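Heads up, the thing below is written out as structure tokens.
Nothing in this text is a laboratory measurement; each read-out follows from the coordinates by a stated rule. Keep in mind that this is a model prediction, so the values were computed, not measured. Cβ atoms come from the backbone with ideal geometry, glycine included; neighbour counts cover every protein chain shown.
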Amino acid sequence: MEVAFSVGGSLIVQRLPSVHCKEDVAMDLVRQIERLRIKSFYRLLVERLGEQAWEKRKAAYEARVREKEDNLNLALPIELQLFEPEDGDVDWYILACEQAYDVQQSDSAYSSKRVYPYAMAIGSVAEQVRNIPNVGGVLDKMLANNNQPDTQLFELLTAAFYLKNGYQVSFLPEMSITWPDGKTKKTPDLLVKAGDASFYVECKRAAHQTRHSLEERQAWARIWARLSLHLLKVAPWSIVDVTFHDQVGQASIEDVIKVVDVVLEKGAGQAKIGSISVELRWVDRGPLERHYRRFSVRPNCPQHESLVFGDVDSNEKRSIATIAGGIVRAGPPDSILNIFVENVANCVAAQWRCDYEVSLGLRSKHFKSLINDAVTQIPPDKPGVIHVFYETRDGIAIEEMRRAKNIDNIANYDASGTTVAGVLVHAVNYYPLESGYQWAETTQDFARVPDLMDLYPRQTLMLSSGTTREVEGDTHWGQDKDSKKPH
């Protein structure tokens, strides 16, 4: 057996659209299948939690939403006053699945469209998942909702992945294996069997974003809270594109406003002062105002983004500040997440990025340390496979850098003395659209044995929940980059 991992010869990517706009038989069937799978996932969780417990938790969640949204000040930007579901909140995951397709007026589109692919992938084999030995402990830990529940969600997703590939699957209770040295150590997550053969599987769910990425977003949020008010006052209907050439946290709001004002003096165009560059353009008000004459629009959704920016782009970091001329709360009085803007009195927006080399390096973190932790959890009596799962939230350039780092660090990782056969790295992104959404997954294998991918005869994508076309030799961020090139 080789000492180091060899990089898989091809990457496998699939971008699967879920269309919700054309009222024909085929699309009706797609919606029905998606709905059934999401509801199956919902029932799996609620049955374990208990109907009464769920109703109590749902009521508490809805109360939090109402507390945030009951008293809106229409003189201020509406976006910052709305409730925004948090990543890793199981109560929101359950509620989003409960409402999916059935409660059209209630949604938080950027978040729910992230939940649906997980729900469909697991829900498509929910009955089999329900019968996996020891699955109750995984569900209970996730439903406790107090300690990174996405970790358990990924374990369920991985179990579903192996079930779809024809394996028998068991969850292994923690500290349940005695190693040859007589010690009891952390166990791998799964034992997978096919006939007389079996192997261990360990799941590592990377954080949604690196700590540095989160710190940058928080710094931007502080800047935008004041910059948006400045723009609404001095440059209504403007869009600024801000690039930080040093740490975002080191930039003061006064510095950003100073550059913006220089551009405003010219009426448009761009300027750079110190480590901040700004380019300014104007919202195309014609299409936006025509749309609002006919329809109300939900803030913080892809349709609103498209009307303001002219497109929807999941690879960009964007903020919008809207002064609503009026709002409507759609649906019955007890509805939540149901606020729509009837017309727009004023609107400004921003797109931002940081190209500072240190920041790029900190955001493009590789997964060698995660893999090292996983390797130490594979007992030596059976082969093992490691799965790493992460979301590509920081854009194309970061993922290009991360891939190069992973190839260098994982391919050269010394796994001698272990029974680890290989590592699969699953990168995913979500693309909420004006009409529906898409998801994409890129899987890369790092193998110590020949033909590692032959272990997966039916599918190689975690998020697939049916017959899925797989494209070799590309990445979804590579596809995104190509789509931005002028044609």
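Data for the structure
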| quantity | calculated |
| --- | --- |
| Angle in degrees between helix 149-164 and the longest Cα principal axis of the chain, rounded to the nearest 10 | 60 degrees |
| Extended-chain gain in nm, criterion 0.36 nm per residue less alpha-carbon gap, I273 and S416 | 46.2 nm |
| Modelled FRET efficiency - R0 25 Å, S252 with E400, Cβ distances, 0.05 increments | 0.20 |
| Model label zone, R217; criterion: amide N under 20 Å from point 7 Å along Cα-to-beta-carbon; scope region 315-357 | 315-322, 349-356 |
| In degrees, nearest ten, helix 90-99 long axis to first principal axis of the chain (Cα) | 70 degrees |
| Cα-based helix-to-principal-axis angle, 25-49 vs the chain, degrees rounded to 10 | 70 degrees |
| Selection from L360, V248, P333, by position along the positive dipole direction of region 211-360 (Cβ) | P333 |
| Region 211-360 - percent relative contact order, Cα under 8 Å, separation 6 or more | 30 percent |
| Entries of K258/K365; K164/K193; K233/K266; K58/K317 with Cα pairs more than 22 Å apart | K258/K365; K58/K317 |
| Histogram of C-alpha separations across the chain, 10 Å bin width, % | 4, 18, 27, 26, 17, 7, 2, 0 |
| Dipole magnitude of region 211-360, debye to nearest 20 (Cβ charges: Lys/Arg +1, Asp/Glu -1, about Cα centre) | 480 debye |
| Debye intensity ratio I(q)/I(0), log10, region 211-360, q values 0.13, 0.15, 0.18, 0.20 Å⁻¹ (C-alpha model) | -0.62, -0.80, -1.07, -1.24 |
| Net charge, A121 excluded, C-beta distance under 9 Å - Lys, Arg +1, Asp, Glu -1 | +2 |
| Dipole magnitude (debye, nearest 20) for region 238-285, charges at Cβ of Lys, Arg, Asp, Glu | 140 debye |
| Charge context of G478, other residues only, Cβ under 9 angstrom, K/R +1, D/E -1 | -4 |
